[in-house]
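Quick notes on the structure that follows.
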Amino acid sequence: MNLFNVYPLYDIELVKAKGSTVWDKKGQEYLDLYGGHAVISIGHSHPTYVKRMTEQLNNIGFYSNSIIISGQQELAEKLGRVSGYEDYTLFLTNSGAESNENALKLASFHTGRKKVVAFSKAFHGRTAGAVAVTDNPSIVAPINDTSHVSFLPFNGLEGLEAGITEETAAVIVEGIQGVGGIQVASDAFLQALRKRCDETGAQLILDSVQCGYGRSGQFFSHQFAGIHPDMMTTAKGMGNGFPIGGVLIAPHIQASYGLLGTTFGGNHLACTAANVVLDVIQEEKLIENASKVGDYIQKELKGINGITEVRGRGLMIGIEVEQPVGTVRDALLFKEHIFCGYSGKHTLRLLPSLAIDQKIADQFLQSLKTVLAN
Ligand SMILES: Cc1ncc(COP(=O)(O)O)c(C=O)c1O
């Protein structure tokens with residue numbers, strides 16, 4: 001059997017990783033400023049992570065949600081404390097799409113409504129509901145194409161009153177669009193969404209799968225706008241590579257037995273991974289670090305020739321380059337040995353571990369200058 005061929009691959013096989021360094025099987029070392037797509041939050045193979053995951057696996061790796069898994073409650077309490085949402089509840093999933101899927105369902109259950117408002121260039125995942133609210137027709141199969149979803153302009157203040165009504169179950173938005181090219185939702189836009197959702201009873205879902213978990217320099221990027229969503233969805237950095245996602249749910253949305261469910265969500269290993277991530281984020285002050293190093297990189301980038309715009313917050317950075325981004329990304333990878341992400345035709349995306357330091361930042365800045373000068 002062959003693999004179902006959906007991923008265009010680089011001819012690189014990574015066999016080892018430590019912090020923000022990865023090695024391929026030929027022994028070539030690379031700097032990882034992509035974090036495997038915003039997933040590596042505390043650094044590859046962090047010693048505490050390896051130790052506690054190994055211990056957990058030696059004890060018990062998995063059992064279903066029919067018994068007590070105390071790591072779940074530990075995670076809910078810790079996540080509430082670190083994020084500032086102690087009065088919310090937590091439903092655990094396995095991925096970003098699954099988190100969004102469940103948030104949309106909860107909004108619909110809660111309001112008894114069907115309609116959802118999403119925004120231009122949004123990406124929310126590839127499962128049925130998540131892809132239906134994603135603004136990319138090429139990945140929406142006919143079975144997922146529904147008249148329940150409408151798209152409004154991202155960051156547009158006009159049209160919210162007509163677009164979000166008493167028929168709207170949910171409004172779903174990224175605090176900083178990732179796949180859409182690192183577009184930051186303005187504070188005024190998020191505040192206007194909160195206000196319109198309050199007026200209509202629509203549930204406001206902040207998809208924080210990519211921009212959450214400290215990457216922006218706040219635990220959730222919407223915290224810059226001072227709003228409280230009805231739900232936040234997470235995944236990616238939550239488990240530092242072990243699949244886990246979650247929905248943080250405001251107290252007015254009630255749980256009942258059987259309302260939601262999953263086989264793997266919240267298993268022993270996943271909860272250990274997520275608990276270690278939060279411990280390390282706090283012990284190593286990684287949110288403060290993301291803010292400090294992110295600000296430094298963004299400031300330095302603005303003085304480099306060949307860059308037309310720098311967007312983002314903390315360590316979620318979009319760099320608009322004059323050259324085609326594919327050329328820049330390939331030169332960074334194959335000549336400078338640095339992994340970065342990209343979006344569209346001209347945006348380079350940095351999504352590194354939240355633990356990178358100024359030395360790593362300087363190495364990247366020097367390499368980018370070299371690449372853009374050629
Ligand atoms: C904002 C956002 N939401 C949802 C997802 C989907 O997450 P997953 O691939 O874990 O299903 C992604 C993935 O890139 C994302 O960036």
Sum of side-chain charges, Asp230 neighbourhood, beta-carbon under 11 Å (Lys, Arg +1; Asp, Glu -1): 0
Low-density loop positions, chymotrypsin sites (Phe, Trp or Tyr not before Pro), the range 221-320 - DSSP coil, at most 12 other Cβ in 10 Å: Tyr257
Magnitude of the charge dipole, the chain, Cβ model with Lys/Arg +1 and Asp/Glu -1, debye to 20: 460
At R0 = 35 Å, FRET efficiency that the Cβ-Cβ distance of Asn136 and Ser45 yields, to 0.05: 0.55
Computed helical MRE - 222 nm, the chain, DSSP H runs ≥ 4 contributing -39500 (n - 2.57), nearest 500: -10500 deg cm²/dmol
Cα lying deepest toward the dipole's positive end in the range 78-215, options Ser83, Pro142, Ala162, charges on Cβ: Ser83
GluC sites (Glu not before Pro), loop per DSSP, at most 13 other Cβ atoms within 10 Å - longest free stretch of the chain: 168-321
Under Karplus coefficients 6.51, -1.76 and 1.60, residue-wise ³J(HN,Hα) of the range 143-153 in Hz, glycine/proline x: 5, 9, 7, 10, 7, 6, 9, 10, 10, 10, x
Mean separation of Cα contacts under 8 Å, 6 or more apart, over the residue count of the chain: relative contact order %: 22
Net +/- balance of residues flanking Glu309 in space, Cβ distance below 10 Å, scoring K and R +1, D and E -1: +1
Spatial separation of Cα centroids for the range 177-212 and the range 123-137, in angstrom: 16
Fraction of alpha-carbon pairs over 22 Å apart in the range 224-374 - percent: 53
For Gly96, net neighbour charge (Lys/Arg +1, Asp/Glu -1) across residues whose Cβ lies under 13 Å away: -2
Full-extension gain in nm, Val6 to Asp187, via 0.36 nm per residue minus C-alpha separation: 61.5 nm
Candidate aspartates and glutamates for bridging to Lys302, where Cα separation is under 20 Å - those fewer than 8 sequence places away on the same chain excluded: Glu320, Glu322, Asp357, Asp362
Net charge dipole size for the range 158-250 [Lys, Arg +1 and Asp, Glu -1 on Cβ; Debye, nearest 20]: 460
Net lengthening on full extension, Ser66/Glu309 (0.36 nm per residue, minus Cα-Cα): 82.4 nm
Among His268, Val173, Phe151 - extreme Cα towards positive end, dipole of the chain, charges at beta-carbon: His268
Directionally averaged shadow of the chain, computed from the convex hull of its alpha-carbon atoms, nm²: 19.3
Fully extended contour minus Cα-Cα distance, from Phe109 to Asp145, at 0.36 nm per residue: 10.9 nm
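None of the figures in this text is laboratory data; all of them are computed from the coordinates on show. Please read these numbers as outputs of a predicted model, since none were measured by experiment. All Cβ positions, glycine included, derive from the backbone under ideal geometry; neighbour counts span all protein chains shown.
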